[in-house]
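Note sheet for the following structure.
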Amino acid sequence: MEAVIIIIALLFLVFVVAGAYATVKVVGAAKRGVDRTIVQARRTVEDHTLRARSFAQVGPAAELAQLRLTLRTSMRATQDALQAGAAEDESLKESLGLFERLSAHGHELDADLKRLESEPDRATLAALLPELRARAERITKSADSLRWAVRDRARRFAEDDLGSLSAQIDIEADALRHWTRPGTAGEPAAQPAPQSLTPPAPRPSYPWQKNPRPESTT
C-alpha cells in the first residue's frame, strides 16, 4: 500500500511539474509575441512620423528625417529577405553574419541622426549633413546589394527548377500520347459487330425540337 501511495505521489508531482513547465512555455511565447507586436507598432509609428517630418519640414531637419527613413527601410527589407532565404538556403548564413555587422553601423548612424533632430544650431547641422549623407549611402548601398543578390539567387534557383520540371513534363506528355497498349501492335483490327435485326426504337422528342414537317401529298 505504501508503494502505491508513493507511486501516485510521484505521478502527481510529475504532472504538476509538467503543467508548470507548459504554463511557463505558453506564457513566454505569449510574452514574446506581445513584445514583437509592440516593437513592430513602435517601428510603424516612428516610420510614419519620419515620413511626415520629411514632407512637413524643410532644410536640414527634413533631410535628417528622410535619411533615417531611407536607412531604416533598406535595412529592414534586407533583413527580411535574408532571414526568409536562410530558412531554405544554408549558404546564406555567411551573408547573415555580414548583415549583422552592417546593422551595427546602421544602428549607430540612426542613433546619430536621431540625436541631431533636436540640434538647435542649424548651421552646424548643415555642416554635418554631407558626412552623414555619405555614411547613409554607403550603408544602404551595401544593404541593397545584399538584398538584390539574395533575390537574384532565389529567382535563378526557381528558373532552374521550372526548366527541369518543364522538361520532365514534356517527356511525360510524349509518353502519355503513345496510348497503344503493349501486345496490340500488328493485331488485326476488330471487325464491326453485326447490325441487330431489331428495328431501332424511336428517338425521344424534346420540347425544344421543332415538329417534323409533314410530307407533301402532291
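A compact table of results
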quantity: Where a label projected 7 Å from the Cα of Glu90 along Cα→Cβ would reach, residues of region 148-162 with amide N under 17 Å; calculated: none
quantity: Net charge of neighbours whose Cβ lies under 10 Å from the Cβ of Leu125, counting Lys and Arg as +1 and Asp and Glu as -1; calculated: -3
quantity: Sites Arg151 and Ala9 - FRET efficiency at Förster radius 45 Å, r taken between beta-carbons, to 0.05; calculated: 0.15
quantity: Average projected area [Cα convex hull, region 68-128], square nanometres; calculated: 4.5
quantity: Per-peptide average of other Cβ atoms within 10 Å, ordering 117-130, 158-171 highest first; calculated: 117-130, 158-171
quantity: Area accessible to solvent at Glu137, 1.4 Å probe radius, in Å²; calculated: 110
quantity: Accessible carbon and sulfur surface of region 80-158 relative to its total accessible area, %, 1.4 Å; calculated: 53
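The values are calculated or read from the model by the stated rules, or taken from the named source; none is laboratory data. Predicted model only: the values in this text are computed from it and were never measured. Positions of Cβ are backbone-derived with ideal geometry, glycine not excepted, and every protein chain shown enters the neighbour counts. Accessible surface areas use protein heavy atoms only, side chains included; no ligands, DNA or RNA. Shrake-Rupley method; radii C 1.70, N 1.55, O 1.52, S 1.80 Å.
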